[in-house]
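Since every read-out is calculated from the coordinates, none of them should be taken as a lab result. Owing to the predicted nature of the structure, the values given are computational and were not obtained by experimental measurement. So basically every Cβ, Gly included, is an ideal-geometry build from the backbone, and we count neighbours across all protein chains shown.
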Amino acid sequence: MHYKISKDNRNLVGEINLPASKSISNRLLIIQALNYSLAPITNLSQSDDTKIIYSVLNSNTNNFDVANSGTAMRFLTAFLSKIVGEWTITGSDRMKERPIGELVKALRELGANIEYLENEGFPPLKILGSNLTGKTIELDANISSQFISALLLIAPTLKNGLTIKLNGKIVSKPYINLTLNILKQFGIKSTFINNTITINNQPFSAKDFSVEADWSAASYWYEMAAFADKVDLKLYGLNKNSLQGDSAVAKIFKNFGVKTTFINNGIHLTKEECNIKKFNIDLIDYPDLAQTIVVTCSFLKIPFKISGLETLKIKETNRINALISELSKFNIKLTETSDGVLECNDFQHNNIDKYFIDTHSDHRMALSFAPISILNKKIIFDNIDVINKSYPAFYEDLKRVGFKISEE
């Protein structure tokens, strides 16, 4: 079944309650399990990623399938390595193509017994959980920050604690800081100096926690606002002093004429003039904003150069190839000029009435291409359920501000 998204005008007016941050929710669930805490977490994310982690942590079995959730695979691999028992963890075909070797290597240095069941360096895994002993380890920081966060989450429970020396260019550093900041709120002290992180063995403090809204989810509304003629949109649940790195979207989209005003329990988006002639940015800290920004620039016809995108190739799909493929349907010539660098200077948009978009089984492809429909373009998706991975209520929220969604 295919689904069409359309809109009769270019106005973006309304109020939206954004979903809870899945990045924060996922970390909280691991901390809660490590702490054996029953302290309540309110406003927990309803994303598939979070539901999968919750399901595994509350399961009575020892065989787990995390589907397409990279976060679940990485966080749970570290978690299960220190829980006494025999576990297997697998995922989708794509998950079996996503590397996990650097994390497994680090865990083995701490005493973990982990076996690759198919291909070396990739899931599925067999884990014999045991009491791990911390030490100083080295870790390549240019593959996935989730490897680092997975280790940091278990670090306080390790005998001798843990010191991680990060080698190479650090990707998604705000997500590492997010992990450390959340740990701090549960009483865990850490240091992060000169690419070296140290967490000593120490107890968690019990704490109630309410999850703030997801700035990554907000980014798609910023994209719509950049395309719209009239904008009067309130997004609720966002914090001005957010722990989330993707809160940078507010500053970034000011370049595209989107004004952010912080209000009680959220933000108010309005429209300003956009005068930018060319846009350059390094997204090594914010790779989850890449598709949103690439599509925004492409349809505002702003020449751009975006770097720091090396990790996009090992996400739910190869996001660089997916962007090049789908934008070509609009006659937009996106080019990877070097590893992890995307450029575009040619915007000869065609005037086809309908555009069929392959989501490539990637939630962020669907979420970043749907806003194009506000430009009087009918967007047809092969799979609308893919958005459940991070923003299950997205289509219902679109309807609240005048978008139409129908079977095609």
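Rounded to the nearest 20, the size of the Cβ-charge dipole of the chain about its Cα centre is 900 debye, with Lys and Arg at +1 and Asp and Glu at -1.
The residues packed around residue 151, meaning those with a beta-carbon under 14 Å from its beta-carbon, carry a net charge of +3 if Lys and Arg are +1 and Asp and Glu are -1.
Each of 296, 90, 77 was scored by other Cβ atoms within 10 Å of its Cβ. Listed from fewest to most, they are 90, 77, 296.
Amide hydrogen proximity for residue 284: with H placed 1.01 Å from N in the peptide plane, no residue at 5 or more positions away or on another chain lies under 5 Å. What is the sum of charges, Lys and Arg at +1 and Asp and Glu at -1, for the other residues whose Cβ falls under 10 Å from the Cβ of residue 119? Neighbour charge sum, excluding residue 119 itself: -2.
Placing unit charges on the Cβ atoms only, positive for Lys and Arg and negative for Asp and Glu, gives region 276-391 a dipole magnitude near 440 debye about its Cα centre. Applying 0.36 nm per residue to the separation of residue 17 and residue 385 and subtracting their alpha-carbon distance, the gain on full extension is 130.5 nm.
DSSP beta bridges fully contained in the chain are about 60 percent antiparallel.
Each of 107, 233, 124 was placed along the dipole of the chain (beta-carbon charges, centred on the mean Cα), and the one lying farthest toward the positive end is 233. Compared with the dominant Cα axis of the chain, that is its longest principal axis, helix 215-227 is turned about 10°. Putting +1 on Lys and Arg Cβ atoms and -1 on Asp and Glu Cβ atoms, find which of 6, 205, 95 reaches farthest to the positive end of the dipole of the chain. Final value for the positive-end residue is 205. When the Cα gyration tensor is reduced to axis lengths a ≥ b ≥ c, the ratio a/c is 1.5 or higher for the chain, and with a/b above b/c it is classed as prolate.
Computing FRET efficiency as 1/(1 + (r/R0)^6) for residue 325 and residue 351, where r is the C-beta to C-beta distance and R0 is 25 Å, gives about 0.80. What would the Debye equation give as log₁₀ I(q)/I(0) for region 169-268 at q = 0.15 Å⁻¹, counting only Cα atoms as equal point scatterers? Treating every Cα as an identical point scatterer, log10 I(q)/I(0) equals -0.73.
Could you pull out which residues in region 203-242 have an amide N less than 16 Å from a spot 7 Å beyond the Cα of residue 10, following the Cα-Cβ vector? Flagged as within label range: 223-232. Near residue 6: Cβ cut-off under 13 Å, other residues only, Lys/Arg at +1 and Asp/Glu at -1. The net charge is +4. Dividing the summed helix terms, -39500 (n - 2.57) for each DSSP H run of n ≥ 4, by the number of residues in the chain produces a 222 nm estimate of -8500 deg cm²/dmol to the nearest 500. If the chain linking residue 133 and residue 59 were pulled fully straight, counting 0.36 nm for each residue of separation and taking away their Cα-Cα distance, it would gain 24.1 nm. As a length-normalised measure over Cα pairs under 8 Å and 6 or more apart, the relative contact order of the chain settles at 21 percent.
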